[in-house]
Structures are given as C-alpha cells and as structure tokens.
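Chemist: Can you read through this structure? Questions will come right after.
The values are calculated or read from the model by the stated rules, or taken from the named source; none is laboratory data. All of these numbers come straight from a predicted model, not from anything done at the bench. All Cβ positions, glycine included, derive from the backbone under ideal geometry; neighbour counts span all protein chains shown. Quick note on the areas: whole protein, heavy atoms, side chains included, nothing else; ligands and nucleic acids left out. Shrake-Rupley method; radii C 1.70, N 1.55, O 1.52, S 1.80 Å.
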Amino acid sequence: MTDTATPATTRKPDPASAEFGTVMCDWMTTARTVGGRFAYSGSPAPYGDLAISPSAHVLHYGSAVFEGLKAHRQQDGSVAVFRLADHVDRLERSAAGLCLPPPDPGMLTQMINDAVAANAPEVPDPPGSLYIRPTLIGTDANIGAASAPSREALLYVVCSPVGDYFRGGLKPLTLLLETSLRRTVSQFGMIKCGANYAMALAPTRAVMAADEAIDQILFATAEDITETGASNFFLVDDEQVVTRHLDESFLHGVTRDSVIRIARHLGYEVQERSVHPDELIDWSERGEAFLSGTAAVVAPVGTIISAAGPLHFGAGEPGRNTLRLRQALVDVQTGAAPDLFGWRTPARPRSTTP
C-alpha cells in the first residue's frame with residue numbers, strides 16, 4: 001500500500017454525476033494473515049495500491065470474495081451502515097465456500113466501521129450514499145496450487161461515495177427472458193465472488209450489443225425464474241409479493257430479504273416459490289415487476305421480452321406498489337422511519353482517528 005501519511009488532495013468528481021463506484025474515498029482498512037491468522041492494525045490508512053506477488057493465488061485461481069453494502073447519511077447528520085451484520089455473515093460464508101482463511105467477524109465489523117467513520121465527511125446526503133466494498137483475496141505465492149486453497153490472505157475495505165443509481169429519474173428497465181443459459185452454477189450460486197458475476201457478463205453484453213434497449217437478462221433456466229446477472233426478481237400487486245424461493249442456485253440478496261420483511265410489515269402476503277415464465281403474462285396485465293439489489297435498491301421493470309413477444313408492465317412508469325416498497329426501504333436506510341428491524345449500525349469513530 002502507499003506510504004503517504006495523508007491522502008491525496010486532488011479535487012474529486014461529484015458523486016452525483018460520476019459513474020457509480022468510480023470515485024474512491026480517502027481512507028481504507030487492511031489486514032493480512034500471518035501464518036493463516038489475520039492481523040489488523042486497528043486504524044485506517046490512506047487509500048492506495050496494494051502489493052501482492054505476481055504468483056498470488058487470486059491471480060491464477062480466482063480465490064476472491066467480496067461484499068457490497070452501504071452507509072447512509074441520517075436525518076440528524078450522523079452516518080449509519082445498513083445491515084452490517086448480515087453482510088459480514090455472508091462474506092464469512094463466501095470465504096468458506098472458496099476455502100479462504102476466514103476473518104474474525106468482530107475484526108471485519110471493526111474494519112468496516114473504521115473505514116466508514118474515517119470517510120464520514122465524504123458520505124453524500126440522500127439520495128446519495130457510501131458504497132462499501134470489503135474484499136478478501138488469496139495471496140499464497142504458488143502458481144502450482146491449482147488444487148490447493150490459499151493459506152494466506154489479504155482483507156481490505158474501500159469506500160466510494162455514490163449518487164442515486166438512477167440519474168435522471170427512476171426509469172423502468174427492459175429485461176430479456178433467457179430460458180436456456182444458466183445464470184451460474186450451484187458451486188458459485190450462493191458465493192459472492194467474481195466468478196459468479198463473470199458467468200453472466202458475456203451473455204449480457206452480447207444481448208445489450210444486439211439491442212440497446214435491453215438493460216439486463218432475466219434468467220429462467222428450466223422454466224424457473226431466478227434472477228438477473230446482479231439482482232433478485234420480484235412480482236407485486238396490491239395484495240401480494242412473489243419472488244423465487246432460496247436455494248444454492250443464486251445469491252441470497254440482503255436487499256431481497258429487506259424487501260420481503262418490509263412487505264410483510266406493510267401487510268402484503270409474501271410468497272417465496274418457483275416462478276414459471278408463463279406467469280409473467282398474467283402479471284403484466286394486472287401487476288408490477290421489479291429488481292432488488294444494493295446499488296439500485298428497488299428498480300422497476302417496465303418490459304420483459306420473451307419468445308412470445310414483449311410483456312409490458314404498467315404504462316411506462318414505475319408502479320405504485322414498487323414505489324411504496326422502495327420508499328419504505330429508503331426511509332429505514334436514511335433514518336426517516338423507525339428502525340423496527342435493528343438494521344442500522346451507527347458509524348462511530350475510534351478514539352484515534354486518521
């Protein structure tokens with residue numbers, strides 16, 4: 001990492017107008033293993049490049065997992081991390097899935113808190129937020145370790161101030177229904193790692209290149225809708241919310257769980273079950289569809305292109321139930337509503353600050 005004592009002072013782009021995730025905060029936290037055990041210094045350091053061996057396990061055998069979560073400026077000016085414990089828990093599961101040395105949950109929690117507290121001045125006001133990226137990579141210097149896990153690892157947390165994911169307003173998305181290609185494989189479905197996302201990258205780019213109106217692919221392998229390349233899928237009307245039941249074939253989204261719990265609190269009947277593509281015809285005539293994820297929170301779907309033709313949801317505008325669920329979630333994240341579920345963790349600076 002860089003040896004500078006203070007971060008760079010170059011003027012940064014406005015997060016509200018910059019591409020999502022491209023503006024980085026001044027401070028980060030890191031911990032490396034020594035003999036397989038992590039050692040964290042207990043304080044942030046200036047954001048900078050990392051030093052790893054060209055023969056590091058991660059560069060050759062993909063031993064990398066990560067998380068994506070957010071911190072939000074609250075109505076009283078403080079900063080709170082949303083569902084911190086759940087993201088820490090998921091990174092622990094991902095590490096186990098790729099046989100990486102597991103970081104202590106308390107240490108990882110502290111590293112995230114320290115990074116957020118150090119970068120608190122850069123947290124935008126709503127609808128902006130602070131995107132947080134904890135990352136764990138295998139660092140064993142051994143290009144012959146194709147069949148062996150990395151015994152050593154590097155854990156780091158970087159942050160990015162981001163604006164509203166939907167610049168220019170909340171616009172319904174267009175999805176292409178894909179029934180033959182798999183979204184991912186069962187070994188990686190529940191693991192938040194690069195290989196999971198890479199599997200959907202090439203087909204998504206090919207589809208978008210062929211038709212610029214398409215935003216994402218909705219995977220429905222074996223006539224069972226799961227998710228897009230990076231988001232969970234929902235159907236909703238005035239009474240019920242429907243989404244695919246959890247299994248090992250796709251990522252268990254924290255935002256997905258948040259939407260489900262808020263929907264139940266608001267009185268919706270929630271069904272977690274298999275969703276056949278044929279159901280979309282009926283739902284397009286009477287209901288709404290949306291995606292959920294950390295970056296976009298809740299994203300309305302306006303059109304799903306299937307083999308039978310395009311299915312249009314609503315009249316080109318986000319549906320009222322989609323907007324209701326989105327606003328209820330945003331209100332909890334930003335402190336505009338009571339934290340009934342205990343999801344907000346205040347970012348508190350330690351006694352020694354950078």
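Chemist: Between Val34, Val79, which is β-branched (Val, Ile, Thr) and under 18 Å from Pro346 (Cβ atoms)?
Modeler: On the way: Val34 fails: under 18 Å from Pro346 (Cβ atoms).
None of the other options fit; the residue is Val79.
Chemist: OK, next. Among the residues in segment 29-41, are any at pLDDT below 95 and of a type in the set (Ser, Thr, Tyr)?
Modeler: yes
Chemist: What number goes with the only condition from (1) touching a Pro at 6+ places or on another chain (Cβ under 9 Å); (2) at pLDDT below 85; (3) open to solvent by 50 Å² or more (accessible area, probe 1.4 Å); (4) of a type in the set (A, V, I, L, M, F, W, C) that Phe166 does not pass?
Modeler: Tallying (1) touching a Pro at 6+ places or on another chain (Cβ under 9 Å); (2) at pLDDT below 85; (3) open to solvent by 50 Å² or more (accessible area, probe 1.4 Å); (4) of a type in the set (A, V, I, L, M, F, W, C), Phe166 fails exactly one: (3).
Chemist: From the set of residues in segment 192-207 that are in a helix (DSSP H, G or I) and in contact with a helix residue (DSSP H, G or I) (Cβ under 6 Å, 6 or more places away or on another chain), which is surrounded by the most Cβ atoms within 10 Å (Cβ to Cβ)?
Modeler: Here is the first cut: in segment 192-207, the ones in a helix (DSSP H, G or I) are 194-207.
From what's left, in contact with a helix residue (DSSP H, G or I) (Cβ under 6 Å, 6 or more places away or on another chain): 195-196.
Details: Ala195: 15, Asn196: 22.
Selected residue: Asn196.
Here is a yes/no grid of residues against (1) open to solvent by less than 60 Å² (accessible area, probe 1.4 Å); (2) modelled with pLDDT of 95 or more; (3) small (Gly, Ala, Ser):
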site	(1), (2), (3)
Leu136	yes, yes, no
Ala141	no, yes, yes
Ser147	no, no, yes
Arg151	no, yes, no
Tyr156	yes, yes, no
Cys159	yes, yes, no
Gln187	no, no, no
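Chemist: Kindly check whether there is at least one residue in segment 264-274 that is part of a helix (DSSP H, G or I), in contact (Cβ under 8 Å) with a residue 40 or more places away in the chain and over 22 Å from Gly189 (Cβ atoms).
Modeler: Yes, segment 264-274 contains a residue that is part of a helix (DSSP H, G or I), in contact (Cβ under 8 Å) with a residue 40 or more places away in the chain and over 22 Å from Gly189 (Cβ atoms).
Chemist: I would also like to ask the following. Hey, among the residues in segment 250-282 that are closer than 27 Å to Glu67 by Cα and of a type in the set (Gly, Ala, Ser), which one's most open to solvent (accessible area, probe 1.4 Å)?
Modeler: Step by step, filter segment 250-282, then rank; the result is Ser274.
Chemist: Return the pair list, or none, for Cβ contacts closer than 8 Å from residues in segment 169-187 that are of a type in the set (Lys, Arg) to residues that are surrounded by fewer than 16 Cβ atoms within 10 Å (Cβ to Cβ) and not in a strand (DSSP E or B), at least 6 apart or on different chains.
Modeler: Partner pairs satisfying both residue conditions: Arg182/Thr221; Arg183/Thr221.
Chemist: Look through segment 324-345, keep the residues that are open to solvent by less than 60 Å² (accessible area, probe 1.4 Å) and among the aliphatic types (A, V, I, L, M), and return whichever of them is farthest from Arg261 (Cα to Cα).
Modeler: Ala336
Chemist: In segment 33-53, is there at least one residue being on the phi > 0 side of the Ramachandran plot and surrounded by 21 or more Cβ atoms within 10 Å (Cβ to Cβ)?
Modeler: Scanning segment 33-53, I find no residue that is on the phi > 0 side of the Ramachandran plot and surrounded by 21 or more Cβ atoms within 10 Å (Cβ to Cβ), so the answer is no.
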